[in-house]
Structure formats: structure tokens, C-alpha cells
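The values are calculated or read from the model by the stated rules, or taken from the named source; none is laboratory data. All values derive from a computational prediction rather than experimental measurement. We place every Cβ from the backbone using ideal geometry, glycine too, and count neighbours over all the protein chains shown. Quick note on the areas: whole protein, heavy atoms, side chains included, nothing else; ligands and nucleic acids left out. Shrake-Rupley method; radii C 1.70, N 1.55, O 1.52, S 1.80 Å.
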Number of protein chains: 2
Amino acid sequence: MTQNRYLIIGGVAGGMSAATRLRRLDENAQITVFERGGHVSFANCGLPYYLGGIIEERASLLLQTPASLASRFNLDVRVRTEVIGIDSAAKTVTVRDLATGRESTEGYDALVLSPGASPVRPPLPGGERMLTLRDIDDVDAAMSALSVVPRSALVIGAGFIGLEMVENLVHRGLDVTLVELGDQVLPPLDPEMAGPVAERLRAAGVSVRLGTQVAEIGADTATLDDGSVVAAEFVLAAIGVRPDTALAQAAGLTIGERGGIAVDDQLRTSDPDIYAIGDAVEKTDAISGEQRLVALAGLANRHGRLVADVITGKRIRVRPALGTAVVGMMGLTIAATGWNEKLLAARGRNIRVMHTHPASHTGYYPGAKPMALKLVVDADTDAILGAQGVGGDGVDKRIDVIATAMAGGITASELADLELAYAPQFSSAKDPVNMLGYVALNAAEGLTTSVQWHELDAARAAGATLIDVRTAGEYAEAAIPGSVNIPLDDIRARQAELPEGRLIVHCKVGQRGHTAVRLLAQLGRDAVNLDGGYLTWAAGTDAARTARDSAVAILKA
Amino acid sequence: MTQNRYLIIGGVAGGMSAATRLRRLDENAQITVFERGGHVSFANCGLPYYLGGIIEERASLLLQTPASLASRFNLDVRVRTEVIGIDSAAKTVTVRDLATGRESTEGYDALVLSPGASPVRPPLPGGERMLTLRDIDDVDAAMSALSVVPRSALVIGAGFIGLEMVENLVHRGLDVTLVELGDQVLPPLDPEMAGPVAERLRAAGVSVRLGTQVAEIGADTATLDDGSVVAAEFVLAAIGVRPDTALAQAAGLTIGERGGIAVDDQLRTSDPDIYAIGDAVEKTDAISGEQRLVALAGLANRHGRLVADVITGKRIRVRPALGTAVVGMMGLTIAATGWNEKLLAARGRNIRVMHTHPASHTGYYPGAKPMALKLVVDADTDAILGAQGVGGDGVDKRIDVIATAMAGGITASELADLELAYAPQFSSAKDPVNMLGYVALNAAEGLTTSVQWHELDAARAAGATLIDVRTAGEYAEAAIPGSVNIPLDDIRARQAELPEGRLIVHCKVGQRGHTAVRLLAQLGRDAVNLDGGYLTWAAGTDAARTARDSAVAILKA
């Protein structure tokens, strides 16, 4: 019996999934895993929480060791071992033992590249003090930097990982400055959804600096591009990752337009015996069909398993990527799937957008938490293109349900029909996802036309009047400037007071607004609903003001 | 303009959804809602929690009043008003004001029946002391019975509502006996899934009496059919509901084989101007295509909205019902969707069954809770037929995702591909739903063949040997009698020790068992995996023993 030789470069999510699956499919093969770092199969998503002290034991980050993988899966796992060259003609790789510097050559029948992606390090004066967080060596370095008990920290980049770092540094008691080049935190979200996240950060004492870059890092401070100086004894960059393609490039493998290793629908690179998976690889986007970089552990694991199937002779189907993601931060859960409004609008896609503000479960059962949900829908087909959620509880569940609906080709309107588990402490008889379906149905059927928070000024400039249909008490508390208050329950009686022309109605979240639009339409009026009501408008307007203010600050500097 | 006259019988979930939607679609109509009870739109799913004191204010159960519905939706809502007859030829109903006894006649263009279902009251000697829980009047009566501070309670029926009642009575400090005619709690679940629920009840001090009926209710005790007498100062029956069809029957409308009002795919009864929705109505089952009674608030609400669409001239599509349900009890979440194994097996369906025992999120992040998941799959088509979950956290999310997958036609194997939101405190890189997909894939591809816990004895009788592949430490703690311990990591070295013939391997949850099966199969052995491992076997075996014990107790009596 011939013994197949499988070599795998990279021993974390994708690489190790491939190696163990290969073993389950081919007991006889010789399977070798090369890992440049000191550890394989570690909990990379847990690193920020170990820094913050929420995960107490370093050992709990180390899920497998070369020894455990040898005894269970008969794998030859070599850490601190770098593959420095691939000879695809000879089907060999050159390997360097990083401890001894010794080089050797290994032959393969199939080679799997799972090198991952490296944190981007902006080239800054003083930048050598900047830490990043990719592996156990990095976390050890960061822990050592924290052991001198700094009082201040600077986090560069307000993406998912950046926010996890901020939470954990605040948890350790540090004064944190968060610097983000974009004009909002969490770039995968739309601004009105990200606004409340920035507010939560500020409420926790974090200095959030949007539209700003770090110009220079000093001994225990940093200078921003607006000239301000911030305390920065501990500095961490989380501005994104770049696929590790150097080895693939050197081997002459095709690199895609987005800078990742290009693979076909069987995860094969441009060389038929070399496969690639994980964060270094371009994936097909589920919404646009384009190639895209998506650095997510779930996809790496899944593709690791699939590549083992391909290598052992199966034909596979790789699903296009939605890019579902979640982050927990300071009591908020923030999750998203698919595309956001700003990206789709920039592409000129014909979309419908809807915002809701449901409770995590029935209001009459204690402990319900508010959330904001957003659904972006193809206006022509009613297909769901993306969803975002921010709230205290149950957000991950709703985004998971919507991501599943997208995978199943369920349209936005059909979300109304989903039968989701209901008891008062878990949901409402109409789950928040069902409610999104109802809103989508009303929009699809033309029962209610909406304007978005960012379209309001233009609509009013064109002559529309804004009618606030909340109660007088709600109106007195806070209202959109220039709105006229006619509570929903009074509209029938006070019809005569309604001004001529188009009416934009709004309530707190959009639901009473919908009822008002239905009523006014049947009274023969041209009425539209302010989508998401006061809450979405306020979040969007605040976010836009903050973005403007930071732009002004930069200009003044 | 002609004014349409819409009459609606029943003012809770379905009826009120229909009425308010009708108003939003037809501002000009005359819409009247008749409700026999004293309240409309109350929180019926909250009633047990009000009894238990978790919901403190009675007022929070009353979501709407006739007055609020009049001012917002211009509805004529008449409580304590019973419709006592329908003249479908004349298109009128006869209405009795229950306070005054006065009768009147109202004409309609369309009539909507949403009478709901009544709790079944077993006809027992002393049964007049037995309470049930359907509406605010019932909850007031129960609160009054609890105000004399009884020390003991008897709950008859261990379904979802029965368990909610038990939890709340325990919460109030009562000694509770739970009597269930079936041989397990929660009949919608399979026994090995329900077993741990019964255990939790017993651990909380509840006396769980399975396979038993109440024979007679005394002054402050009850006698069971095994002759035993239990303390029962407070007695509540929750053995199910029966559709309220008396009015429909008297009107000559067709009643289906399951005893509910029969409707067509447009929610029309056998009379073209009379529609019916909610718990009184038979629904099409999503798995079998048969008609079925499903008493769930979500469907009632949804169909209420749909019937308004039909009445105002739209064509609708009513989705077949899955019957997704959840209950929270004593820190456990128990949820299910679709059909269970025992029902499908009784129908002779060719099914595959899989059990997993994942954690609610990554083990390295604090607070992860174990759960048991079960998936039942059509062996021919890989279609998901049902799922069940029991655990401390995140069970509702996984069942919602699976119910959504079922609605979208996603197969069991395709669950592996779902992109679900992952961060360490919410899930694992391979979410429990993905893991079910992996298990389903391995089964569909024939990589691992499984036996179920209830098939183990027969398989061993046929000559198979049971190999426990857990560690020696786990084996020493508790093991299946007669099993041989060869830890997974030792199998390669100890091949010679393996007995001849078929091998059934098992670990704690099934995952190491799968790896062992793959290894043994490649070593040329006939090996199958004990599905769900030791945990599922123990839960099933315990449940079967308890059921046998209660049967023996009954026989002895």
C-alpha cells in the first residue's frame, strides 16, 4: 500500500482541522504539520480575554499540544518550524527549524497552505513599542508589558478585535484611548448602529477618537494627527490583518485581486497539488459573488475539513461567505451578517432598509433588554442582503437566525413566517425576527413607505412636514426639531390640523408610525414613515455629528 | 362608500391581531370584537409567572384595554360578551351580554372565529377544586386560592405549561407533586432528552409521579390510581387543551378529524364568509402534511394578520406548522421543533438520529453551560425532521436556528455550512448547530454508523463487544456494565487486544467515538459508534428505568 504524504503549513484553526480530518479519512498517511509559532490549536479568539484577566489560566488557551495530537491522531506536528520555500515541480518544501536554524527538505503528495494573516502594523515613528495580538508569543509579550502595571493604554483600530481589547484593558483598570481612522467605531456596521456602541465606550470612560490617526509613538504617550497628545504606556494595534502570502507568492502561486491566495471551488491553488484555506485565502462573497478576504475562525475550520475531503478524493461544495460576526463589549452584544447599507448604497444597489427596536423578550417578564436591529433587503427580489444588531441580550440569536434564513434563501417578508421558540423569558409571540418580516412585508406590499434618518433633511427641504405621533409626554422629553406633535390616538379627531402636502410621521421606534401611515393613507394623505423612529434618527444624527466634529478638529489642527 | 362589517369572536392573540390589521387595511370598516372573558389582549403566556410572583404586577399582564383599542384602532371591543349563535345564511350572529343577559343580533360581511382552546378538566370526584389557567379570571381565582397560603400543590400534567406551573409553585415555596399519565415528563420530547428534566425537578424537591393518574381529589389531598395519597391543598390541571368548537359546530361548520375547526389554505371555514384562526383551528403539519392541532401563540398572531389580508382581498400563503416550542424551568431551557424520534419511529419512517452534548460557548471562556441536542433526520433525503435541546444556556438559539433551517429547506448535512456568529462568550468556532451538521455529514457519507442507546442491548445480544474509548479515569468513575476500556489514544498500540466481531465504541458524548470508528474501520474492523456516548445512554437508561419502576408500582397497587 502506498503511503500518502500530506504536508500542512500552519497549525491553528484551518490547518489543524485539515490534519485531523485527513487522519480520520486516511489512517495510513504520513501527515506533517509545520507551525512557525510555538503553539498549535490555541484559542486565538480567547487572547484578549486572557489579557483582561477574564480567562485566568494561560493553559486554558492551549487546546492541543504536539504530543496530544501525536497520540490521538498520529500527527507529526513541528512547532517553531518555518517552511521557507516550495518547489512545486519537485513537490518538496524546504523547512527551517527556528531553534537550530537547520534546514531540511520534505516531499509531498498534497500540500495544504493555512498560513493565516498577520496583524497590520502601521509604520510609525516609535512604532516598535506597538504590540499586536496574533498568537501565544504575542500574548506573552503583552502580558509582560502589562505586568509593569501601566495606567494608560492606546488601542489603534475600533474594529471587532480593537473593541475586545478596549473592554479588557478597561477591565484591568487602565485609562484607554481608542483611535480610529474612520468616522465611526465598528466599520462593518452602519453609523447609526455603531453610534450607541461609541456612546457605551464613552460612558465607560474610554476616550474615543474618530477620524484620527496616530502620528508618532513616544515613551509613554502618543501624538495624534490632530496634534493632541494622549497617554499611552501600553500601545496595541488592531487595524486589521493582511494575508500571509509571501510563501505562496514565492512559489509562483496565483494571488487574487484582494491580495489573498486564489483558490478554485475545490480549494485548489493554481498548482493542482497545493491547496489553501483560512485567513490567507480569498473567498467568494455570498452577496456580490466577488472574491473577498474574510478572516473568521468558523470558515477556516470548515474549509480545513473540506480540504481534507478533496485531498482524499471527494468532490466538495464550498458555500459563499456571509461573514457573520459578533462581539460582546461592556454588556452590549453587537453582531452582523452580510453587507451593510453604506456598502450597498455605494454600489448603487436598489435596497430597502428597515430598523426596529424590539425587546429581547416580552416586556411583562422581568429582565427584558432593548436592542436595535437593522435589515437590508434587495428592493427588487426581497432577498435579505444583510443584518445588524446591537443590544443587551439575544442579539446573537437573532443574527444567527437571519444568517440561517439567508443561507436557506428565505426572503425578508418570509421572516414573518418563521416559527421561533417562544416563552415570555426568551422572546415575544412575534419574535424580533418575525417583526422584521412584518416590516419587510409592509414595505414589499407598498403598505408603508419609509424614509431613512439620513434622508429626512432632504425630504423636509422638499416641503414635507414632520409629524411626531408619540404622546405629548414623550414629545416634551425630546423631539426632532421642527416636528409637530399629533399623538397617534388623536389623529382621527385632529385631521383638520394636519398641514397640506407630504407628511413624514414618526414615533419612537416606527411601529406607531406605521399605523399612522396606514390611517393617513386611507384618509387620502401622502404619508411616509420615518424608519426606526426617533431612536434610529437620534442614533444616526448623533453619529453624524460626532463624525463632523472630529473632521472639524482635524481641519483645525 | 359601503362600510364593511367585520365581526371577530375572541379578543386574545389571533383575534386581536386580525382586528388591528383589518383596521390598518380598512380605515372605513366597522370592526367589532366579542370576548367572552373580561379581558382582551392579555399576556396569557405570562399567567404562570404572575402566580409565581416573578411578574409582580397584575396590570402588566393587561397589554391592551377596550378603551385603548378604541382610541388607537377605532375598534368596538366588547368584553364579557358571548356569541351564542351564528346564522350563516342571514350572515348574522346572536350576542349575549354576560352581565345583563341581554341578547342582540349583529350582521357581518366577514366573520372571524378565534375562540381558542379550553383547558381539559378530567372528570374526577372532587374535581371542582381543580383549577386551570387560561385567562385573567382563572389567574385571579388561582391567586385567591394561593392567598390562604397552602403548603402543598398538585400539578396534573407534565407538559410545557405544567412544568411552568411547577416551577412557579416551587418558587412560592410550596411542596409540589407532579402527576403525569405518560411515562416521562414533557411528552413532545424523547425519553432520553426528558429524563434530565425530571431529574432537575426531583433535585428541586418535586415529587414526580409518572405513569400515574389522579383518582380522586379530597379536601386537601388527592388519591392517585396506585392508591397513594398526596398532599394537595392547591390543585392545578394542565393536561392539555381542547379547541373551542361548540359555536362553529352549532353553525354547521366542518370540524376536522383532530377535532378542530377545518379551514382551507386561505383560512376559510366551510362557509365562505366565515374564517377561523388560532388554537381552535387545525393546521397543516410541516413534517407529515396532515392536519394537526397546534396551540401556539406565534401561529395565532401570524394567522390573525393573514386572515385580515384575505378578508381585504389578498391571496395569502399559510406556512405548514413546525410547532417550535420552548420552556424555561429551574435554570434549564428545553426547546423542540418538528417531530420526535418516537413518533417518527411509530410511523415507520426511515430516520437517522444524532445526539450531541456541546457547551453553550467555548470551554475556555468562563460560564459555559452544557447542553444536550438531538437531531432527527430523514435517512433517505437528509431533510431535518425535528430537533430537541435541553441545557442551561443557548438552547433556544440553537433550536431557532434549526427551525429556520427547516423552513429554508436546509438539509442536516448543510447545517455544517451555516455561518453563525462566533466569539468565545457566545458560541464555538464550530457552533453546536454546525457540529450537528458534521455528525449528520459523517452519517450521510457512511463514515460513521451509529447505534442508539435503546439499540445497544440488542446489538450486544447479537454478539457485538462494547469498547469504552474514554480515559481510564473516566471509566473508573462510571461505565456501561460489561464494557471494555481501551482509551482512544491507545487503540493503535493495543489493536491486538480487540476482540473478534463487531465493535461498538463509545466515549462520553460521541466525538472520540467517531474518531475511534474511523480508525477501526481503516484497520479493517466492523465498528459502530454509540450515538451521544455515555451521557445519552445514561439519560435514556435512567428514563427507561424510571418508566419501568412506575409501571411496576401501578401493577402492584
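Here is how the numbers come out for the structure above:
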{"quantity": "Matching residues, region B:314-357, being small (Gly, Ala, Ser), more than 10 Å from chain A (Cβ to nearest Cβ) and not in a loop (DSSP other than H, G, I, E, B)", "calculated": "B:Ala345, B:Ala346"}
{"quantity": "Boolean, A:Asp490 is within 14 Å of another protein chain (Cβ to nearest Cβ) and farther than 28 Å from A:Glu199 by Cα", "calculated": "yes"}
{"quantity": "Residues of region B:508-556 that turn out to be of a type in the set (Lys, Arg), assigned to a helix (DSSP H, G or I) and within 20 Å of B:His454 (Cβ to Cβ), as a count", "calculated": "2"}
{"quantity": "Number of positions in region B:274-295 that are among the basic types (Lys, Arg) and open to solvent by less than 30 Å² (accessible area, probe 1.4 Å)", "calculated": "1"}
{"quantity": "Of all residues in region B:471-490 being part of a loop (DSSP other than H, G, I, E, B) and out of contact with any Asp or Glu (no Cβ under 9 Å at 6 or more places or on another chain), the one that is least open to solvent (accessible area, probe 1.4 Å)", "calculated": "B:Ala478"}
{"quantity": "Residue under evaluation B:Ser17, criteria (1) surrounded by 24 or more Cβ atoms within 10 Å (Cβ to Cβ); (2) of a type in the set (S, T, N, Q); (3) part of a strand (DSSP E or B), criterion not met", "calculated": "(3)"}
{"quantity": "Filter result (open to solvent by 40 Å² or more (accessible area, probe 1.4 Å), over 15 Å from B:Val12 (Cβ atoms) and part of a helix (DSSP H, G or I)) within region B:66-76", "calculated": "B:Ala67, B:Ala70, B:Ser71, B:Arg72"}
{"quantity": "Any pair with Cβ under 6 angstrom, 6 or more apart, that starts in region A:475-499 at a residue that is closer than 17 Å to B:Glu27 by Cβ and of a type outside the set (S, T, N, Q) and ends at one that is modelled with pLDDT of 95 or more and assigned to a strand (DSSP E or B)", "calculated": "A:Ile486/A:Ile467"}
{"quantity": "Criterion: more than 27 Å from A:Thr411 (Cβ to Cβ) and of a type in the set (Asp, Glu) - qualifying residue of B:Asp382, B:Asp417, B:Asp431, B:Asp393", "calculated": "B:Asp393"}
{"quantity": "Criterion (facing chain A (nearest Cβ under 10 Å), touching a Phe, Trp or Tyr at 6+ places or on another chain (Cβ under 8 Å) and either open to solvent by 10 Å² or more (accessible area, probe 1.4 Å) or at pLDDT 95 or above (or both)) met by exactly one of B:Leu63, B:Leu25", "calculated": "B:Leu63"}
{"quantity": "Out of A:Ala158, A:Ala117, A:Ala110, A:Ala141, sole residue that is more than 14 Å from chain B (Cβ to nearest Cβ) and more than 30 Å from the chain's Cα centre (by Cα)", "calculated": "A:Ala110"}
{"quantity": "Test result for B:Gln452, within 14 Å of chain A (Cβ to nearest Cβ) and of a type in the set (S, T, N, Q)", "calculated": "no"}
{"quantity": "Set A:Gly482, A:Gly463: member being outside the structural domain of A:Glu419 (by TED's automatic domain parsing), of a type in the set (Gly, Ala, Ser) and farther than 26 Å from A:Arg352 by Cβ", "calculated": "A:Gly482"}
{"quantity": "Some residue of region B:30-50 being modelled with pLDDT of 95 or more, in a helix (DSSP H, G or I), facing another protein chain (nearest Cβ under 8 Å) and open to solvent by 10 Å² or more (accessible area, probe 1.4 Å)", "calculated": "no"}
{"quantity": "Filtered residues of region B:296-313 (kept if more than 9 Å from chain A (Cβ to nearest Cβ) and within 14 Å of B:Val12 (Cβ to Cβ))", "calculated": "B:His303, B:Gly304"}
{"quantity": "Residue in region B:358-399 that is farthest from B:Pro191 (Cα to Cα), counting only those that are outside any loop (DSSP other than H, G, I, E, B) and charged (D, E, K, R)", "calculated": "B:Lys397"}
{"quantity": "Verdict on B:Asp400 being open to solvent by less than 10 Å² (accessible area, probe 1.4 Å), at the interface with chain A (Cβ under 9 Å from one of its Cβ atoms) and either among the polar types (S, T, N, Q) or under 21 Å from the mean Cα position of the chain (by Cα) (or both)", "calculated": "yes"}
{"quantity": "Residue tally, condition charged (D, E, K, R) and at positive phi, over region B:367-392", "calculated": "1"}
{"quantity": "Checking B:Gly446 against (1) surrounded by fewer than 24 Cβ atoms within 10 Å (Cβ to Cβ); (2) more than 30 Å from A:Met165 (Cα to Cα); (3) more than 9 Å from chain A (Cβ to nearest Cβ); (4) modelled with pLDDT of 95 or more, the condition it does not meet", "calculated": "(4)"}
{"quantity": "Subset tally (residues that are open to solvent by less than 40 Å² (accessible area, probe 1.4 Å), out of contact with any strand residue (DSSP E or B) (no Cβ under 8 Å at 6 or more places or on another chain) and not hydrophobic (A, V, I, L, M, F, W, C)) for region A:130-171", "calculated": "2"}
{"quantity": "Residues located in region B:411-443, provided they are more than 8 Å from chain A (Cβ to nearest Cβ) and open to solvent by 10 Å² or more (accessible area, probe 1.4 Å)", "calculated": "B:Thr411, B:Ser413, B:Ser428, B:Met435, B:Val439, B:Leu441, B:Asn442, B:Ala443"}
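Each row is one residue, and each column tells you yes or no for (1) open to solvent by 10 Å² or more (accessible area, probe 1.4 Å); (2) within 14 Å of chain B (Cβ to nearest Cβ); (3) among the hydrophobic types (A, V, I, L, M, F, W, C).
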| position | (1), (2), (3) |
| --- | --- |
| A:Gly173 | yes, no, no |
| A:Leu181 | yes, no, yes |
| A:Val208 | yes, no, yes |
| A:Val235 | no, no, yes |
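Matching residues to (1) part of a helix (DSSP H, G or I); (2) small (Gly, Ala, Ser); (3) at pLDDT 95 or above; (4) not assigned by TED's automatic domain parsing to the domain that holds B:Ala262:
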{"residue": "B:Leu111", "(1), (2), (3), (4)": "no, no, yes, no"}
{"residue": "B:Arg134", "(1), (2), (3), (4)": "no, no, no, yes"}
{"residue": "B:Ser144", "(1), (2), (3), (4)": "yes, yes, yes, yes"}
{"residue": "B:Leu154", "(1), (2), (3), (4)": "no, no, yes, yes"}
{"residue": "B:Met165", "(1), (2), (3), (4)": "yes, no, yes, yes"}
{"residue": "B:Val170", "(1), (2), (3), (4)": "yes, no, yes, yes"}
{"residue": "B:Leu178", "(1), (2), (3), (4)": "no, no, yes, yes"}
